[in-house]
Every structure is written in C-alpha cells, then in structure tokens.
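Below is one structure, written out as structure tokens, with a few remarks after it.
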Amino acid sequence: MLREQGYNRCAAVCYACEWAYSRNEKFYDFENIGGDCANFVSQCLLAGCCVMNFSKTNGWYYLDTNTRAPAWTSIRYMYDFLTTNTGPGPYAKEVPLSQLEIGDIVQLANEEGVYYHTALVTCASHGKILVTAHSSNAYMRPLSTYSFSAVRGLHILGCRQRTKADRALPCGEAETEANPDPDVG
C-alpha cells in the first residue's frame with residue numbers, strides 16, 4: 001500500500017543550487033558518456049522526495065554506475081517514468097510552462113523533435129523561468145537563452161512511498177540490494 005508523502009520543492013532547488021557547478025561524489029558523472037543532465041535532475045528530485053522506485057520494468061533508482069534504472073539517466077525514460085508512475089517515488093504531469101513551479105522540470109527538443117536536455121526549474125516568477133542544470137553547467141539560467149524547437153514542462157505532483165512494511169529510505173541513504181522490495185517488478 002502506498003501513501004502520499006509530498007515533494008519538498010525547496011529541498012530540490014537547494015540541492016540544484018549547491019551542485020550546479022560541481023559533482024556530488026555519491027553519483028557518477030555521466031558528462032562524457034551521453035551527458036549528466038538527467039542524472040543531475042534525478043538527484044534533485046531525490047533530494048525533494050527521498051524515495052526511489054526499484055521496479056525492474058519502470059523503475060527510477062541509482063545505487064551505483066552499473067545498478068541504476070534507465071529513467072535515472074535518460075531524458076526519455078525519465079519522462080515516461082514520471083508521467084506514468086503509480087508506484088513509489090515522484091510522479092508528474094506535463095503542463096504548460098505558465099504552470100511550472102520551482103522544483104519542476106523542463107525538457108528541450110531540437111528541430112527533429114528529439115528531447116536532448118533536461119533541467120530543474122529553480123525560479124518561476126512573472127512568466128520568467130530560470131533553470132539549473134548539468135551538461136553545460138547552468139545556475140539560474142533563463143530558459144529563454146537556450147536554443148530549442150520545443151519545450152515541455154513537467155509539474156511534480158507529489159511523491160509516494162510504501163507504508164509501514166516498505167523499505168522507503170531516509171533521505172540520503174541507499175539500499176544495498178538491486179531490488180529491495182520483493183513485491184516490486
């Protein structure tokens with residue numbers, strides 16, 4: 001059984017601001033193997049949610065470089081996870097940019113319609129959106145200064161964790177098993 005625990009937007013933004021120009025050694029830097037933007041946004045989401053989803057089929061987790069879900073480091077899989085997640089962890093819906101709040105996500109697409117970059121919204125005020133990101137490190141960069149053909153906004157609706165018998169983790173800790181919940185996946 002799941003319970004809503006909420007999403008701490010300020011914690012996600014604080015994490016983004018702290019690590020915008022550096023790397024947290026607890027997480028691998030994927031900059032040279034495809035980019036670090038989704039990994040960075042996942043870290044921010046974890047800071048605001050503190051719950052991973054260890055589902056083998058549609059999970060969102062990171063234990064180490066080789067033990068992670070595709071949704072942790074892939075823009076496309078992150079979108080799929082967040083917009084379809086009915087299990088533990090964060091969940092979101094696509095919304096117009098005007099509905100974004102701090103702690104939400106933007107994803108940018110090129111002319112071919114391929115989403116190539118994701119960033120955390122760290123300021124949203126009076127129609128102006130500032131983002132913080134990795135893969136071209138950015139701190140409070142205006143969204144309008146990026147080159148993109150399309151942009152989608154993901155509003156984080158909340159975060160769920162399993163009830164009493166769950167293995168939801170205190171923020172900052174990690175399970176040592178690849179699949180810590182036998183009821184998942």
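The values are calculated or read from the model by the stated rules, or taken from the named source; none is laboratory data. This one's a predicted model, so the numbers in the text were calculated from it and none came from an experiment. Here the Cβ is made from the backbone with ideal geometry for all residues, glycine too, and neighbour counts use every protein chain on show.
What are the residue pairs meeting all of these: first residue in region 141-162, first residue farther than 29 Å from N53 by Cα, second residue surrounded by fewer than 17 Cβ atoms within 10 Å (Cβ to Cβ) and of a type in the set (D, E), Cβ atoms under 6 Å, and 6 or more apart or on different chains?
From residues that are farther than 29 Å from N53 by Cα, the pairs are S149/E111.
Yes or no, residue by residue, for (1) modelled with pLDDT under 95; (2) among the hydroxyl-bearing types (S, T, Y); (3) exposed (fewer than 15 other Cβ atoms within 10 Å of the Cβ); (4) touching a Lys or Arg at 6+ places or on another chain (Cβ under 9 Å):
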| residue | (1), (2), (3), (4) |
| --- | --- |
| E4 | no, no, yes, yes |
| A11 | no, no, no, no |
| W19 | no, no, no, no |
| E25 | no, no, yes, no |
| I33 | yes, no, yes, no |
| V41 | no, no, no, no |
| V51 | no, no, no, yes |
| K56 | yes, no, yes, no |
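Per-residue answers, yes or no, for (1) assigned to a loop (DSSP other than H, G, I, E, B); (2) within 16 Å of F40 (Cα to Cα); (3) not charged (D, E, K, R):
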{"site": "Y79", "(1), (2), (3)": "no, yes, yes"}
{"site": "S98", "(1), (2), (3)": "no, no, yes"}
{"site": "L108", "(1), (2), (3)": "no, yes, yes"}
{"site": "T122", "(1), (2), (3)": "no, yes, yes"}
{"site": "M140", "(1), (2), (3)": "no, yes, yes"}
{"site": "S144", "(1), (2), (3)": "no, no, yes"}
{"site": "V151", "(1), (2), (3)": "no, no, yes"}
{"site": "H155", "(1), (2), (3)": "no, no, yes"}
{"site": "R160", "(1), (2), (3)": "no, no, no"}
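All but one of (1) assigned to a strand (DSSP E or B); (2) within 9 Å of the chain's Cα centre (by Cα) hold for V41; state the number of the condition that does not hold.
(1)
Any residue in region 105-129 that's over 13 Å from A150 (Cβ atoms) and among the hydroxyl-bearing types (S, T, Y): show its pairings with residues that are at pLDDT 95 or above and surrounded by fewer than 14 Cβ atoms within 10 Å (Cβ to Cβ) at Cβ separation under 9 Å, as long as the two are six or more apart or on different chains.
Final answer for the pair search is T122/M140.
Considering only region 65-77, state which residues are buried (at least 23 other Cβ atoms within 10 Å of the Cβ) and either modelled with pLDDT under 95 or assigned to a helix (DSSP H, G or I) (or both).
Hits for region 65-77 are A71, W72, T73.
What tally of residues in region 116-129 results from selecting those that are out of contact with any Leu (no Cβ under 6 Å at 6 or more places or on another chain) and surrounded by fewer than 20 Cβ atoms within 10 Å (Cβ to Cβ)?
Number satisfying all stated conditions: 5.
If you check Y79, Y139, Y62, which single one turns out to be of a type outside the set (D, E) and over 26 Å from R162 (Cα atoms)?
Matching residue, one of Y79, Y139, Y62: Y139.
When residues of region 132-150 are filtered for being more than 14 Å from the chain's Cα centre (by Cα), buried (at least 18 other Cβ atoms within 10 Å of the Cβ) and either over 14 Å from Q107 (Cβ atoms) or of a type outside the set (G, A, S) (or both), how many remain?
Residues flagged as more than 14 Å from the chain's Cα centre (by Cα), buried (at least 18 other Cβ atoms within 10 Å of the Cβ) and either over 14 Å from Q107 (Cβ atoms) or of a type outside the set (G, A, S) (or both) within region 132-150 amount to 3.
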